[in-house]
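Enquirer: Here's a structure for you.
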C-alpha cells in the first residue's frame, strides 16, 4: 500500500480490516459495508436516487447531502459532528472519500483492499489527489 501512497510511510497508519470487494471508499465513508457506491452511467453500482450519475464534485457532494451532510470549512474535529472528506485530482474529478474518527485520525477503504486509519493527508498524491471538500453532519 505504501508503494501507491508514499505519504503513508511517514505516518502512523494502521490496517483495520481485511480486503473485500463488497464495498468501496465512498460506501465506507457513508457507513455502508454491503454495497459498492459509484455514479457509473450504467447503473452497475449503487448511487442515491435522483443524483446525477457523473464523476463530478457536485454529484459526490449531493450524495453526501442525501445522507444529511453539509459542506463545512475544514478537517478540524467538531464536537457533536461526524465529518467526511472528498478527495479529487487536480482536474476536480472526485476519486476517494474518508470518514473522520477523531481529531487526528480518518478511516478509508482503499479500493478493494483493506480499511485503514490514517492522517487526512496521508493518502494525498497521484492516485487520489487531495482532500478538497469537507462535509459534516450531527453525530447519530
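The values are calculated or read from the model by the stated rules, or taken from the named source; none is laboratory data. Treat the numbers as computed from the prediction; the structure is a model and nothing was measured. A quick note on method: Cβ atoms are made from the backbone with ideal geometry, for glycine too, and the neighbour counts reach across all protein chains shown.
Enquirer: For the range 62-95, enumerate the residues that are under 22 Å from residue 50 (Cβ atoms), outside any loop (DSSP other than H, G, I, E, B) and in contact with a helix residue (DSSP H, G or I) (Cβ under 8 Å, 6 or more places away or on another chain).
Expert: 63, 64, 71, 84, 86, 94
Enquirer: Considering 65, 22, which residue is touching a strand residue (DSSP E or B) at 6+ places or on another chain (Cβ under 9 Å), at pLDDT 95 or above and closer than 25 Å to residue 119 by Cα? Even if it seems obvious, please write down each step before you answer.
Expert: Details: 22 fails: touching a strand residue (DSSP E or B) at 6+ places or on another chain (Cβ under 9 Å).
Selected residue: 65, the only one of 65, 22 that is touching a strand residue (DSSP E or B) at 6+ places or on another chain (Cβ under 9 Å), at pLDDT 95 or above and closer than 25 Å to residue 119 by Cα.
Enquirer: Please work out which one of (1) surrounded by 14 or more Cβ atoms within 10 Å (Cβ to Cβ); (2) over 13 Å from residue 136 (Cβ atoms); (3) out of contact with any strand residue (DSSP E or B) (no Cβ under 6 Å at 6 or more places or on another chain) is the condition residue 42 fails and give its number.
Expert: The single condition residue 42 does not satisfy is (1).
Enquirer: Being assigned to a loop (DSSP other than H, G, I, E, B) and touching a strand residue (DSSP E or B) at 6+ places or on another chain (Cβ under 7 Å) is the filter here; which residues of the range 25-39 pass it? Working first, answer last.
Expert: Taking the range 25-39 as the starting set, the residues that turn out to be assigned to a loop (DSSP other than H, G, I, E, B) are 31-36, 38-39.
Hits for the range 25-39 are 35, 36.
Enquirer: For the range 129-140, how many residues meet the condition of being without any contact (Cβ under 8 Å) to a residue 60 or more places away in the chain and surrounded by 17 or more Cβ atoms within 10 Å (Cβ to Cβ)? Can you show your working first?
Expert: So the first thing to find is which residues in the range 129-140 are without any contact (Cβ under 8 Å) to a residue 60 or more places away in the chain, and the list is 129-131, 139-140.
Among the residues that remain, those that are also surrounded by 17 or more Cβ atoms within 10 Å (Cβ to Cβ) are: 129, 131.
Of the residues in that region, 2 qualify.
Enquirer: In the range 69-84, is there at least one residue being surrounded by 15 or more Cβ atoms within 10 Å (Cβ to Cβ), under 12 Å from the mean Cα position of the chain (by Cα) and either within 19 Å of residue 125 (Cα to Cα) or at pLDDT 95 or above (or both)?
Expert: Scanning the range 69-84 turns up at least one residue that is surrounded by 15 or more Cβ atoms within 10 Å (Cβ to Cβ), under 12 Å from the mean Cα position of the chain (by Cα) and either within 19 Å of residue 125 (Cα to Cα) or at pLDDT 95 or above (or both).
Enquirer: If residue 64 satisfies all but one of (1) surrounded by 12 or more Cβ atoms within 10 Å (Cβ to Cβ); (2) without any contact (Cβ under 8 Å) to a residue 40 or more places away in the chain, what's the number of the condition it fails?
Expert: Here residue 64 clears every test but (2).
Enquirer: Just one of the numbered conditions (1) surrounded by fewer than 21 Cβ atoms within 10 Å (Cβ to Cβ); (2) in contact with a strand residue (DSSP E or B) (Cβ under 7 Å, 6 or more places away or on another chain); (3) modelled with pLDDT of 95 or more; (4) farther than 22 Å from residue 12 by Cβ is not true of residue 94; which one?
Expert: (1)
Enquirer: Just to be sure, is residue 15 under 24 Å from residue 119 (Cβ atoms), part of a strand (DSSP E or B) and touching a helix residue (DSSP H, G or I) at 6+ places or on another chain (Cβ under 8 Å)? Let's see the steps before the verdict.
Expert: Numbers: under 24 Å from residue 119 (Cβ atoms): yes; part of a strand (DSSP E or B): yes; touching a helix residue (DSSP H, G or I) at 6+ places or on another chain (Cβ under 8 Å): no.
No.
Enquirer: Just one of the numbered conditions (1) modelled with pLDDT of 95 or more; (2) closer than 25 Å to residue 8 by Cβ; (3) surrounded by 14 or more Cβ atoms within 10 Å (Cβ to Cβ) is not true of residue 48; which one?
Expert: The single condition residue 48 does not satisfy is (2).
Enquirer: Consider residue 111 against the criteria (1) under 20 Å from residue 53 (Cβ atoms); (2) in contact (Cβ under 8 Å) with a residue 60 or more places away in the chain; (3) not in a loop (DSSP other than H, G, I, E, B): it satisfies all of them except one. Which criterion is unmet?
Expert: If we test residue 111 against (1) under 20 Å from residue 53 (Cβ atoms); (2) in contact (Cβ under 8 Å) with a residue 60 or more places away in the chain; (3) not in a loop (DSSP other than H, G, I, E, B), just (3) comes out false.
Enquirer: Show the residue pairs that are 6+ apart or on different chains and have beta-carbon atoms under 6 Å apart, the first residue being within the range 114-127 and under 12 Å from residue 90 (Cβ atoms), the second being assigned to a strand (DSSP E or B).
Expert: What qualifies is 124/130.
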